[in-house]
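Colleague: Just dropping this structure here.
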Amino acid sequence: MKANRMEAFSDGVLAIIITIMVLEFKLPEGHDWNSLVYLFPKVLSYIFSFVYVGIYWNNHHHLLHMVRTMNGRLMWLNLLLLFWLSLVPFTTAWMGESHFAPTPMALYGIILTLASMSYWLLQRSIINQHPRDSHFHTIGRGWKAKLSPILYLLTVLTAYISPWVSGFFIVLVAIIWFLPDRRIEEFLRER
């Protein structure tokens with residue numbers, strides 16, 4: 001199987017995830033601007049998750065363009081990543097509905113941690129499939145990959161201290177990953 005089939009499938013799943021998140025919005029009771037204030041926590045949690053799914057989509061797209069050979073292990077690891085990301089709409093809705101209560105925030109952090117671990121496993125598997133290509137071995141070894149799991153764990157641990165502090169770590173990781181790994185882009189240009 002070509003990697004573009006796995007990428008197309010993943011793109012479809014990620015598009016559905018975003019669609020499910022936006023369908024969680026219910027129309028406000030009133031018909032004025034004040035009626036929208038009630039939706040603020042839901043909109044904020046949606047923005048968090050939309051950005052995260054977008055970051056995963058962007059980096060996943062770049063990563064799969066590096067794949068030269070495909071196998072069942074990569075497909076299963078990709079499905080594992082999609083599994084954790086498919087739980088993002090549930091935790092997003094729960095965070096928004098609960099106005100960022102500690103347990104939904106902690107669960108959101110756990111889901112993001114597991115998604116990042118799954119992405120790392122997928123990335124490592126792709127790198128290991130290309131042992132003779134030195135370009136692959138520089139990918140995933142940067143400071144972002146090392147710092148993110150620590151920040152995700154802080155997201156979980158601080159959820160019960162302050163949802164705002166927990167949210168700060170969620171935003172911080174998103175800022176760190178907003179731009180895709182430039183080494184992947186350089187590698188793709190050289191190919």
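Colleague: If I ask for residues that are open to solvent by 20 Å² or more (accessible area, probe 1.4 Å), more than 18 Å from Gly167 (Cα to Cα) and in contact with an Asp or Glu (Cβ under 8 Å, 6 or more places away or on another chain), which ones from region 39-60 would you list?
Modeller: Hit for region 39-60 is Trp57, nothing else.
Colleague: Follow-up. Six or more apart or on different chains, Cβ under 9 Å: which pairs go from a residue in region 103-119 that's closer than 11 Å to Tyr152 by Cα to one that's buried (at least 22 other Cβ atoms within 10 Å of the Cβ) and of a type in the set (D, E, K, R)? Could you list them?
Modeller: Every condition considered, no pair remains.
Colleague: Moving on to the next point. Checking Leu107 against (1) open to solvent by 10 Å² or more (accessible area, probe 1.4 Å); (2) within 19 Å of His60 (Cβ to Cβ); (3) not hydroxyl-bearing (Ser, Thr, Tyr): exactly one of these is not met. Which one?
Modeller: Of everything listed in (1) open to solvent by 10 Å² or more (accessible area, probe 1.4 Å); (2) within 19 Å of His60 (Cβ to Cβ); (3) not hydroxyl-bearing (Ser, Thr, Tyr), Leu107 misses just condition (2).
Colleague: Of all residues in region 71-102, how many are of a type in the set (A, V, I, L, M, F, W, C), in contact (Cβ under 8 Å) with a residue 40 or more places away in the chain and assigned to a helix (DSSP H, G or I)?
Modeller: Number of matching residues: 10.
Colleague: So, one more: Could you look through region 2-24, keep only residues that are in a helix (DSSP H, G or I) and of a type in the set (D, E, K, R), and pick out the one that is nearest to Lys42 (Cα to Cα)?
Modeller: Checking each candidate, the answer is Asp11.
Colleague: For region 58-78, which residues satisfy the criterion of being at pLDDT 95 or above and in contact with a helix residue (DSSP H, G or I) (Cβ under 9 Å, 6 or more places away or on another chain)?
Modeller: Answer for region 58-78, where residues must be at pLDDT 95 or above and in contact with a helix residue (DSSP H, G or I) (Cβ under 9 Å, 6 or more places away or on another chain): Leu77, Asn78.
The values are calculated or read from the model by the stated rules, or taken from the named source; none is laboratory data. Remember, predicted model here, so these are calculated numbers, not experimental data. Using ideal geometry, Cβ is built from the backbone for each residue, glycine included, and neighbour counts are taken over all protein chains shown. Remember, those area values only see protein heavy atoms, side chains included, never the ligands or the DNA or RNA. Shrake-Rupley method; radii C 1.70, N 1.55, O 1.52, S 1.80 Å.
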